[in-house]
Amino acid sequence: MKNLLYKIFVFFALAFSILLLGKGWQLATDGFRIDKIYTRLSPKPNAFTPPKGLYNILNQKFYYLDKGCQTFVFESSDHQYVLKLIRYHKYRPPFSMHYLNLCESGKKYRKKREAFRARSQKNALHSYLLSFEKLSTETQTVYVHLQKSSFFKAPLTIVDRLGRSYSLDLDEVGFLIQRKGHSLVGSLQEAQKENNIDKTKVIVHSFFETITSMYKKGIVNKDYNCIKNAGVIDSKVVEIDLGSFYEQDLQNPKAFAKELHIFIKHFRKWGEKHYPEILPILELEYTLATQ
């Protein structure tokens, strides 16, 4: 009996150790693996021709910076740009879902989840297209690559969190290049620390200018955490999260005002908690934008 208990103890101890090692590795790498960014890109011939200057941007190493909901983010050596590599693995069903085929209800659930993932991928890719084709000013998106191409002759070197280098064939991966900005929250906190209400007014006004410009183009951001998803570049507020843009008709003034009211909800909450002096500025800019 003691021998059996000992074996059970050893088994669970080993299993627990493996789980801890796996979690530790996940934390160390932030979940990045090179296979997660590769997929079969469509060979359609309408990939965007790289603009002038893009090759110069890509002629440097990019270092791991962060992980978003839809992309792994790398920062250029000169700290001026970010490379966003699409996390295609998020849209692939996990291997465990294959076992759902063992019963009819499982098959139905699997099809439902696969359809959801396919729809999520389609929406995200369309959002990236909008960020480049219609919102390049509002997002400072330099380039998007979503289809197989033959533009990039030289590989790009990226460096992960552990200092390991990888050589990427950019013709084979989905990616975005965007100018790197300072966070909106950080910019507002700096103005608050300096007790510079004029600087705060400039930032808030620029925020509303950017959102109003998007709405006039018939595009909304359905990720309503606007305070987190915006940044500041050259004193201008821009949208830095590119995965939740949708086309929506906002020609009706009431529809415009309603959508803007919902969008700035997180901004108001942040102001109430961290920077009460910003609230009247927000309300004034909202009133001016919806007149």
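In order along region 160-170, the phi-based Karplus estimate (6.51 cos²θ - 1.76 cosθ + 1.60, θ = phi - 60°) of 3J(HN,Hα) comes to 7, 4, 8, x, 7, 9, 10, 9, 9, 8, 5 Hz; Gly and Pro are listed as x. Surface composition of region 148-291: carbon plus sulfur atoms contribute 51% of the solvent-accessible area (1.4 Å probe, protein chains only, all chains present). Using a probe of 1.4 Å, the accessible surface attributed to residue 39 totals some 50 Å² when neighbouring protein chains are kept in position. Per residue of the chain, the DSSP helices (runs of n ≥ 4 H) give a summed -39500 (n - 2.57) that works out to -14000 deg cm²/dmol at 222 nm.
Taking only protein heavy atoms into account and a 1.4 Å probe, give the accessible area per residue of the chain in Å².
Accessible surface, normalised per residue, equals 58 Å².
Accessible surface ranking for 89, 266, 1.4 angstrom probe, highest first: 266, 89. Nearest 10 degrees is fine. How inclined is helix 104-133 to the longest principal axis of the chain, computing both from alpha carbons? Taking the Cα atoms of the chain, the angle to 104-133 is about 40 degrees. Per-residue 3J(HN,Hα) values for region 219-227, derived from phi via the Karplus relation 6.51 cos²θ - 1.76 cosθ + 1.60 with θ = phi - 60°, read 10, 10, 10, 7, 8, 7, 7, 5, 5 Hz in sequence order (x marks Gly and Pro).
Provide the solvent-accessible area of residue 30, counting protein heavy atoms only and rolling a 1.4 Å probe, rounded to the nearest 10 Å². Rounded to the nearest 10, that gives 30 Å².
Compared with the dominant principal axis of the Cα atoms in the chain, helix 265-274 is inclined by about 90°.
Computed over protein heavy atoms with a 1.4 angstrom probe, the accessible surface ordering of 128, 38, largest first, is 38, 128. Estimated at the nearest 10 Å², the accessible area of residue 150 is 80 Å² with a 1.4 Å probe.
A straight Cα-to-Cα reach below 24 Å connects residue 265 with the lysines 193, 199, 201, 216, 217, 222, 228, 236, 254, 273, residues fewer than 8 places away in its own chain not being considered. Within the shell defined by Cβ-Cβ distances under 11 Å, the residues around residue 266 carry a net charge of +3, with Lys and Arg each +1 and Asp and Glu each -1. For the chain, take the longest principal axis of its alpha carbons; what is the angle in degrees between that and the long axis of helix 279-289, to the nearest 10 within 0 to 90? Approximately 70 degrees, to the nearest 10. Among the listed options (i) 21.1, 84; (ii) 24.2, 86; (iii) 22.9, 81, the one matching Rg and Dmax of the Cα atoms in Å as calculated from these coordinates is (iii).
The values are calculated or read from the model by the stated rules, or taken from the named source; none is laboratory data. Keep in mind the model is a prediction, meaning the values are calculated, not measured. Quick reminder, even Gly has a Cβ in these numbers, built from the backbone with ideal geometry, and neighbours come from all protein chains shown. Side chains are part of the model used for accessible areas, which takes the heavy atoms of the whole protein and leaves out ligands, DNA and RNA. Shrake-Rupley method; radii C 1.70, N 1.55, O 1.52, S 1.80 Å.
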